[in-house]
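For reference, the structure discussed in these notes is given below.
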C-alpha cells in the first residue's frame, strides 16, 4: 500500500510538566489507522491545530503559534504508515521551527528499541531530506517540475511535500474563497498545483524534465569549459605566439644546447685552451652571431615591407569596393533614360520606340544603318547590375581574405622581431666576449665566462619554452574538455528529443469529471445540471464556473472536487498520498447556511456527505483515509468514527487540545 496514513499525534509537554496531548487515529482493536476520523467540538478548542501539527511533522515549515500551544508543547511526534511501514516523525516546537526531524521505523510504543535517523527539513528539495522521504512513500520523490510548460529548455524545481499538501489538506477558508484550484494565485503556484496532480496520475513526463535539467547542466558546463578554453588560448597567443609546435622544437633545441655547453665547459676545464684557440673560437662565434642578427633583421625588414605593400593593396581593394557601391547606388537612383510616353500626346506607349527596317517607329524618319544594339550589347546593358554586384562580392571576399592574411603576418612579425632582438643580444654578447678575451690576461677565464653565460641563456630559453609548452598544453586540455562536454550535452539533448510524448491527461480529466458529477448527485446538490471539471481543473456546475455558485454551493462543490480527486486517485492506484483532510464540511450548509441561500439550508446535505464517504471507504475506497474537522457532526455519524470531541466546557472534559488553557 502506497501513501501516507495517520495513526496518532503525540504532543510532548514542556520539560518538567509531565503532561502530554494529542489525538489517536487508530482503530480501537489494533494499531491500524481509522478509515474515517472525525475531530469534533466547537471553535477555539484546538481542532485545526491538530491538523497543523500533522502538517508540521510531515514537512510543513511552521508549527501552530497560539500562545497556549507554544507554552505547553515542546515537541510533536506523529506516528504514520509510510507505504505500509510504521514510522514515527518528531520535530521540535521550541523556538524557531526545527530544521531537522528525528525518524524511527517504529510505532510510538517501540521507540526505545528503534534506531533514530536525523533528516533535514530544509530545503524540501533535498533528496535525503524529510520531504522526499515522505514523498517516496507515494512514489513521488525526485519528480522535477519545469518552470515553463512551453519552452523545451527551462529550469526545473523538485516536487516537495508542501506542494502535495495542496491536494491533501482543504482548510476552512479554501472551501469558499473562489481559489479552490489556486486559479487566482501566482502563476507558479497555479502551475505547480496542476503539475502535482499530473505527477500523481502519471501524466507528468518526469524523465523528460530530468533530461532537460541534465541537458541544461551539461550545456552550462560546456559553456564554462568553452570560456576557459578561449581565455587560455588568448593568453597563450599573447604570451607565446610561436605556437605549441615551435615551442616544443625550441625546447628540444635548448635542451640539446645545454648538454653541448655542459660538455664544452667540462672539456674546457680539462684542456684549458690557449689564448689563440680561444680567440679564434670566440671570433668565429662573433661572426656567426652577427650573421644571424643580420639575417633576422632582413626577415623583419622584408616582413614589414610585405605588410606595407599589402596595406596599400587593402586600401586599393577598399577604394574599389567603395566605387562599386557608388555605381550600384547611382544605377538604382538614376534609371537609364527610356522613352515610355509619347512626346506629342503624353500617352503611355505600349511598346518602346525602335528601328524597323531602317525607319524610326515613333517619328518614321529614315535612318542609315540599323542603329540597333546588338544582342551582346543589349545583354551587357541589362546585366550591368548583376555584374556589379558579383564584382562587389568578389572584391569583398578578396578584401576579407587579405585582412585575415595581414593579421596573421602582423602576429608573426612579433615573433620575427623577438628573434631579431635575441640575435642582436647574442651578437653583442659575442662582441663583448671577443673584447674581453683580447683584454683579459687569462683567455681561458674569458672563454669560460662566455660559455657560462651562454649556458644561462640556454636555460632561460628552455624555461620560457617549457612555460609556453605548458600554456599551450593547458589550451589543448581545455579545448578537449569543452569538446567532450559539448558532445555529452548533445547526447543528452538527443535523448531528450527522442523521448515519446507524455500520455494525454484527457482521460484523467474525464474520470475526475465523471466522479465529480456522481458525488454531487450523491450529496444532493440542488438543481444539478451538467457538472464537469475543465482542463484547468476548475469545476463547473450548471454550465458555469463554481465561483458563480452561492456560498453553500461553493462548499458542496469544493467537497465534491476534493473527494473526486481522492477517490479516483485511490481507485486507479495513482501515486497519491491516499489521505484527505477536510476542515469544516458543514460551512455555509444546514443550520450554518447564510440568509437567502435556502437551497443549501437542508441538513441532509451534511448527512449525505458522511453517508457517501462511509459507503465508499467500505467498498472501493478500502485502504484510504479521511480526516474531518467538524464543529458539530450530525447524529448520523457513527460515534466510533469520532476520535475526539472537545466541549469547551471546563466541567465536561475534554475541554480542548490543551485542557488547562481555559482562560
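Each value in this text was obtained by applying a stated rule to the coordinates, not by laboratory testing. Here the structure is a predicted model, which means the values were calculated and not measured. Positions of Cβ are generated from backbone atoms using ideal geometry, with glycine treated the same way; all protein chains shown enter the neighbour counts.
Using Cα pairs closer than 8 Å and at least 6 residues apart in sequence, work out the relative contact order for segment 1-154, in percent.
21 percent
Sort 560-569, 110-119, 87-96 by packing, meaning the average of other beta carbons within 10 Å per residue, with the highest value first.
Packing order, densest peptide first, comes out as 560-569, 87-96, 110-119.
Beyond 18 Å, how much of the Cα-Cα pair distribution for segment 1-109 remains, as a whole percent?
Roughly 48 percent, rounded to a whole number.
Normalising by the residue count of segment 1-80, find the relative contact order in percent from Cα pairs under 8 Å and 6+ residues apart.
Here the relative contact order equals 43 percent.
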